[in-house]
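Q: Got a structure for you, written out below as structure tokens; questions coming shortly.
The values are calculated or read from the model by the stated rules, or taken from the named source; none is laboratory data. In this text, all values refer to a predicted model and were calculated from it rather than measured experimentally. When we count neighbours, we look across all protein chains shown, and the Cβ atoms used for this are built from the backbone with ideal geometry, even at glycine. What goes into the accessible areas is simple: the full protein's heavy atoms, side chains included, and nothing from ligands, DNA or RNA. Shrake-Rupley method; radii C 1.70, N 1.55, O 1.52, S 1.80 Å.
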Amino acid sequence: MKPNEYIVFPSNTAAIHGKGAAKDAVKFGASRKVAQGFSGQTYAIPTRKFINGGNGNYKIETLSLFDIEWNVVKFLNATTSHPQFTFLVTPIGCGLAGYLPSEIAPMFKFAIDKEHIHLPASFWKILIP
């Protein structure tokens with residue numbers, strides 16, 4: 001990756017980046033202390049919620065579309081402060097969280113005209129049919 005490129009990946013609220021795109025993001029500096037925001041050459045967007053049941057028991061639930069959209073808005077706001085960076089967005093919410101591109105892609109509609117935000121092909125198919 002180039003020094004100004006950032007991988008945008010789905011995370012959980014406990015920043016346990018152990019599966020899917022989140023696990024891959026660790027290679028680019030994703031911190032297991034950052035559930036949302038910048039870390040290394042990454043930006044985490046929470047799509048799943050960590051629930052501690054005590055005694056070492058826990059479960060992870062998918063966040064609602066409303067909550068994911070709120071986290072996407074935070075990401076889009078952060079990109080306006082960093083036009084010098086190129087953001088390479090993975091299919092947020094479409095892996096372990098279980099949503100379809102048709103449910104997530106519209107959340108990124110304000111990124112369509114941003115040259116420094118690169119969306120996955122599955123999102124473009126929805127946004128620009």
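Q: How many of the residues in the stretch 105-128 are surrounded by 15 or more Cβ atoms within 10 Å (Cβ to Cβ), over 13 Å from the mean Cα position of the chain (by Cα) and part of a loop (DSSP other than H, G, I, E, B)?
A: Residues in the stretch 105-128 being surrounded by 15 or more Cβ atoms within 10 Å (Cβ to Cβ), over 13 Å from the mean Cα position of the chain (by Cα) and part of a loop (DSSP other than H, G, I, E, B): 2 in total.
Q: Does the stretch 87-103 include one or more residues that are closer than 27 Å to Ile128 by Cα, free of Cβ contacts under 8 Å to residues at least 40 places away in the same chain and open to solvent by 80 Å² or more (accessible area, probe 1.4 Å)?
A: yes
Q: Quick one: would you say Asn77 is more than 26 Å from Trp124 (Cβ to Cβ) and either open to solvent by 70 Å² or more (accessible area, probe 1.4 Å) or among the basic types (Lys, Arg) (or both)?
A: no
Q: Which of the residues belonging to the stretch 62-72 are out of contact with any helix residue (DSSP H, G or I) (no Cβ under 8 Å at 6 or more places or on another chain) and open to solvent by 20 Å² or more (accessible area, probe 1.4 Å)?
A: Thr62, Ser64, Phe66, Asp67, Trp70 - these are the residues of the stretch 62-72 that are out of contact with any helix residue (DSSP H, G or I) (no Cβ under 8 Å at 6 or more places or on another chain) and open to solvent by 20 Å² or more (accessible area, probe 1.4 Å).
Q: Inside the stretch 10-104, counting only strands (runs of 3 or more DSSP E) that do not spill past its ends, which hold 2 or more residues that are more than 19 Å from His116 (Cβ to Cβ) and modelled with pLDDT of 95 or more?
A: 42-54
Q: Residues being over 17 Å from Val72 (Cβ atoms), crowded, with 19+ Cβ neighbours inside 10 Å and among the polar types (S, T, N, Q): count how many of those fall in the stretch 1-24.
A: 0
Q: Looking at (1) within 29 Å of Lys125 (Cβ to Cβ); (2) open to solvent by 20 Å² or more (accessible area, probe 1.4 Å); (3) in contact (Cβ under 8 Å) with a residue 12 or more places away in the chain, can you tell me which one Lys27 breaks?
A: (3)
Q: Is there any pair linking a residue in the stretch 60-78 that is in contact (Cβ under 8 Å) with a residue 24 or more places away in the chain to one that is outside any helix (DSSP H, G or I) and of a type in the set (Ser, Thr, Tyr), with Cβ under 6 Å and at least six apart or on different chains, and which?
A: Within 6 Å, the pairs are Leu63/Thr47; Ile68/Thr47.
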